[in-house]
Every structure is written in structure tokens, then in C-alpha cells.
Amino acid sequence: MPNSTRYCQTCRFELNKRGFKRHTLSVVHRKGKLIRAMLERNCITHAEIARRIGLTRERVRQLALQMGFADGRSRHAICRMERRRKEMAEFFVEAQKRGFAVELLGKKSVYINGKLCIQRQACWHDVGRSGYKYTCLSIRRPSVKFDICAWKLPDGRFLILPKKLTGFTQTTFNPEESDRLGTNSSSHYYRDYIERWSLLGRPRRARG
């Protein structure tokens with residue numbers, strides 16, 4: 001007995017001979033590529049696809065499952081993760097590039113190798129008076145829980161400090177050596193912690 005099933009290259013459905021003929025006349029077949037393209041975008045809802053195509057939301061849900069896509073809740077969860085990744089702070093993005101496994105918690109906090117990490121911003125601050133006035137970077141201790149905090153410096157580098165070295169409310173930091181004693185005495189040991197990525201442990205994969 002000859003094989004009576006047919007395979008639709010457009011929609012990637014396998015149907016019997018009679019069902020295949022009806023399928024080729026349907027909206028689903030005529031707009032199959034468009035439906036698949038929209039389903040590949042996790043941040044578009046079944047309701048929105050249904051409105052654009054002229055189908056019911058339930059029919060779109062059925063088609064998504066038939067085409068091998070995740071259900072609505074899973075798609076929304078993937079969408080939220082993608083949005084969070086796009087909004088990730090620069091320190092977390094750089095950690096990923098360096099091969100560290102980054103587990104998102106929110107826009108400003110992640111787990112990296114089991115360590116709770118956050119990012120903050122350093123800003124320039126004038127210290128001293130009159131002739132003894134000099135400019136250093138000012139950093140403030142975060143009020144939230146963390147194991148590692150990275151302050152982004154104006155030149156794009158990161159000052160990476162473990163919690164045990166952040167016993168201050170606010171302090172100044174000079175990133176460069178200077179002949180002026182005042183600037184050298186201003187948290188000069190923090191220079192050793194600029195780009196100290198080893199505090200995060202070892203990358204879990206080789207840098208590509």
C-alpha cells in the first residue's frame with residue numbers, strides 16, 4: 001500500500017493526502033513562514049500573532065506546539081531572560097565574555113561562580129583645600145548584600161573589591177600613582193584591585 005502521507009515543506013507538517021489538500025488552501029499554509037518567523041521571536045505573544053494573522057489565540061497556541069515551539073509560559077520566561085540580558089550591567093557582560101558563568105538575579109545583581117556580584121559607578125571628587133586640593137575617584141559602599149562589588153571607572157576599567165575590603169561608607173581612590181603625597185595616601189592599595197578578575201574564581205570555559 002503506497003504511503004498516503006504528505007509533508008508540507010512550508011509549515012513542516014505531515015498530513016494525510018486529503019488533509020494535505022485542505023491544508024494548502026488554509027490561512028496557516030499561506031502564512032506559514034510568517035507564523036514561524038513570529039514564533040521564533042520569544043517576545044511576541046500568541047495573542048499578538050493571532051491578531052496579525054487573523055486566527056484565534058488558541059489556534060496559534062496549537063500551531064506553536066505542532067511546529068515544535070515552547071508553550072506560552074516558557075516563551076514568556078525566555079523573553080524575560082533575554083530582556084534582562086540586554087539590560088545587564090557592563091561588569092556582568094564583561095564577565096560573560098571572559099568565560100565566567102553568569103546567573104541573572106536582576107538588572108544590578110548576579111551570581112558569578114556562586115558569588116553574589118553587583119556593579120556601582122565611581123565618580124570624580126575633589127579632596128583637600130586650596131593648594132593641597134587634588135582630584136580622586138569617589139566610591140560609596142552599597143547598601144545591599146553582596147560578595148563582590150565592581151565600581152566602573154571613568155576609563156571603562158573596573159575596581160573589583162571583595163566585601164571584606166569595603167568597610168567604609170564612602171571613600172576616595174586614586175587609580176594612578178602620583179608625586180603628590182596626598183593622592184598616594186588615598187586608598188592607594190585599591191590600585192591592585194583594578195581588573196582583579198581572579199576574585200571571581202576561574203572561568204568555566206575558555207575565552208572564545
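The values are calculated or read from the model by the stated rules, or taken from the named source; none is laboratory data. Computed from a prediction, not measured in an experiment: that's the story for all the values here. Because the Cβ atoms are built from the backbone with ideal geometry, glycine has one as well, and the counts that use them run over all protein chains shown. All accessible areas refer to the heavy atoms of the entire protein, side chains included, with ligands and DNA or RNA removed. Shrake-Rupley method; radii C 1.70, N 1.55, O 1.52, S 1.80 Å.
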Q) Is there any pair with a first residue in the range 64-81 that is at negative phi and a second that is modelled with pLDDT under 75 and in a helix (DSSP H, G or I) whose Cβ atoms are under 9 Å apart and which are 6 or more apart or on different chains, and what are they? A) ALA64/GLY72; ALA64/ARG75; MET67/GLY32; PHE69/ARG75; ALA70/ALA77; ALA70/ILE78
Q | Selection count where residues are within 19 Å of TYR189 (Cβ to Cβ) and not in a strand (DSSP E or B), scope the range 144-154 | A | 1
(Q) Name the single residue that is modelled with the highest pLDDT among those in the range 155-197 being of a type outside the set (A, V, I, L, M, F, W, C) and in a strand (DSSP E or B). (A) PRO162
Q. Any residue in the range 198-206 that is at pLDDT 65 or above, surrounded by 10 or more Cβ atoms within 10 Å (Cβ to Cβ), within 28 Å of the chain's Cα centre (by Cα) and on the phi > 0 side of the Ramachandran plot?
A. yes
Q.
Just to verify a result, which residue in the range 128-145, among those that are in contact with a helix residue (DSSP H, G or I) (Cβ under 7 Å, 6 or more places away or on another chain) and open to solvent by less than 70 Å² (accessible area, probe 1.4 Å), is nearest to ARG157 (Cα to Cα)?
A. CYS136
Q: Just give me the residues in the range 50-70 being at pLDDT 85 or above and either over 17 Å from LEU34 (Cβ atoms) or in a loop (DSSP other than H, G, I, E, B) (or both), in sequence order.
A: THR56, GLU58
Q: Report the residue count in the range 137-181 for those that are farther than 13 Å from ARG120 by Cα and among the hydrophobic types (A, V, I, L, M, F, W, C).
A: 4
